[in-house]
Amino acid sequence: MGYKNNNTGYLEGLLQSRAIIKKNNYAILPHDGLVNNVIPGFDQCDCSILGSQKLGASFVDYLISFKKDGANTVGFGGPGIETFLYVIDGHLSVGDGHETHDLQTGGYMYLPAGEKMYMKNLQDEATEVFLYKKRYQPIEGHEAYKVTGHVSDLTPIQYEGMEDVLLWDFLPKDLGFDMNMHILSFEPGASHGYIETHYQEHGAYLLSGKGMYNLDNQWFPVEKGDYIFMSAYVQQAAYGVGRDEPLSYIYSKDCNRDPEI
């Protein structure tokens, strides 16, 4: 990978990328290849669209950097659309039009379909967030509801009994929720117990570390700042590498619904 020359803006060396795009199957989007998009409602923000229908996802993921005074005052989400926000780094005010919460690094909020999310940066430095939206699948007799908190208040569990692989669940295991958001963390040298193949799809943003990821039975290097899309049934597994920090990522998973025909 080339290095950017701060004087010219050009990369030193050949233009190249680790990006892998297999539409409707899987994708890896390295952070240094992301571009900014103008998205109505987001003022003083750098917005990158990650997973979307054009990639093959049933949801949309974003990486949003709120600059000083950056905000969304018109509301994110709306009728039929559920939303989730996780603060990667910074300090953000997040509300639903009735109640406002101050979220710092590690803070999160889920809003059910029909409620809009309002956001404002509360610091001079940029605040970076991972943002998600999906069309909600209602089920008779059950409803989703607002959930907010901080990752430090959650109790991780061992992933399938492995003490060096930990899982944090953000949302309740309640049939009112048709998705969940998780953090999965691998200590260096730890891995999935097997290569998974399943109905659920994922959008994952890497929060720390380095590793190798198996997608469709091919191994790829990944690192902090990468985004990975995994479609339904694509083979998938990971292991952490290095010495300094775990490979960890936040990711979405559809759940609690019978497949439609």
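Would you mind counting up the charge near PRO188? Only other residues with Cβ under 12 Å from its Cβ, with Lys and Arg at +1 and Asp and Glu at -1. The answer is -2. Electrostatic bookkeeping for ASP69 treats Lys and Arg as +1 and Asp and Glu as -1; over the other residues with beta carbon under 11 Å from its beta carbon, the sum is +1.
Here the alpha carbons of region 116-227 define both size measures, Rg and Dmax, at 16.5, 45 Å. Rolling a 1.4 Å probe over the heavy atoms of the protein chains gives the chain an accessible area of 51 Å² per residue. When the pairs LYS133/LYS224; LYS116/LYS146; LYS210/LYS253; LYS54/LYS134; LYS22/LYS54; LYS54/LYS133 are compared against a 19 Å limit on Cα-Cα distance, LYS133/LYS224; LYS210/LYS253 fall above it.
Globularity index of the chain is 1.00 (Cα radius of gyration / 2.2 N^0.38 Å, N = number of residues).
Two decimals is fine: what is log10 I(q)/I(0) at q = 0.14, 0.19, 0.20, 0.27 Å⁻¹ for region 65-138, from a Debye sum with one equal scatterer on every Cα and no solvent? Scattering profile of region 65-138, log10 relative to I(0): -0.38, -0.69, -0.76, -1.24. Dividing the radius of gyration of the alpha carbons in region 91-174 by their Kirkwood radius gives 1.02 for Rg/Rh. Would you mind pulling out the separation of the Cα centroids of region 84-120 and region 217-261, in Å? A separation of 24 Å, based on Cα centres.
Using the Cβ of VAL129 as centre and a radius below 12 Å, the other residues enclosed give a net charge of -3, where K and R count +1 and D and E count -1.
Quick check: at a probe of 1.4 Å, how many percent of the accessible area of the chain sits on carbon and sulfur atoms? The C+S portion of the solvent-accessible surface of the chain is 48 percent. Starting from the Cα of LYS68, draw a straight line to each of the lysines and keep only those under 19 Å, dropping any in the same chain fewer than 8 residues away. Partners within reach: LYS120.
The values are calculated or read from the model by the stated rules, or taken from the named source; none is laboratory data. A quick note: this is a predicted structure, and the numbers were derived from the prediction, not measured. Virtual Cβ from ideal backbone geometry, glycine too; neighbours counted across all protein chains shown. The area values use the complete protein model at the heavy-atom level, side chains included, leaving out ligands, DNA and RNA. Shrake-Rupley method; radii C 1.70, N 1.55, O 1.52, S 1.80 Å.
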